[in-house]
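Contents: one structure, followed by commentary.
Just so it is clear, none of the values below were taken in a lab; they were calculated from the coordinates. Source: prediction; values computed, not measured. Positions of Cβ are backbone-derived with ideal geometry, glycine not excepted, and every protein chain shown enters the neighbour counts.
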Amino acid sequence: MSYIRLSLMKPKSGDEEAVHHLLDDLVLLHESQPGYLVGYRIQREGGSGLTGRLAVWESAADAAHAAQQPDDFKIRADLHNLVELGSHEEHSYEANYAPKV
């Protein structure tokens, strides 16, 4: 079983590029963390402005450990200042591999 963390947010007008760079930095930072499997910066089609990241971890403990690192805190604090108030959502899921049949 894996653990998925999904973060969604809407950048303030004019801060879209800065938010995308910070999300990319967060994905790159996580690549060096134990238990990290894969991650993506995501954005909704259709021009809603909603963007975020998807990270897949071996376990919830691995994701929690990475989230406690000082560099992770800094990037997330910087993101907080660049997104619309109340738009940041965090979702967590357990995932089971579903092979193709």
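Quick notes on this one:
- Selection within the range 8-39: residues that are β-branched (Val, Ile, Thr) and either touching a Leu at 6+ places or on another chain (Cβ under 8 Å) or in a strand (DSSP E or B) (or both). The member of this set that is surrounded by the fewest Cβ atoms within 10 Å (Cβ to Cβ) is 38.
- Residue list for the range 40-91, restricted to those being small (Gly, Ala, Ser) and in a strand (DSSP E or B): 52, 55
- Failed criterion for residue 30 (all others in (1) over 20 Å from residue 87 (Cα atoms); (2) of a type outside the set (Gly, Ala, Ser); (3) out of contact with any Phe, Trp or Tyr (no Cβ under 9 Å at 6 or more places or on another chain) hold): (3)
Condition check ((1) without any contact (Cβ under 8 Å) to a residue 60 or more places away in the chain; (2) among the charged types (D, E, K, R)) across all residues:
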position: 23; (1), (2): yes, no
position: 26; (1), (2): yes, no
position: 35; (1), (2): yes, no
position: 39; (1), (2): yes, no
position: 70; (1), (2): yes, no
position: 74; (1), (2): yes, yes
position: 77; (1), (2): yes, no
position: 91; (1), (2): no, no
position: 101; (1), (2): yes, no
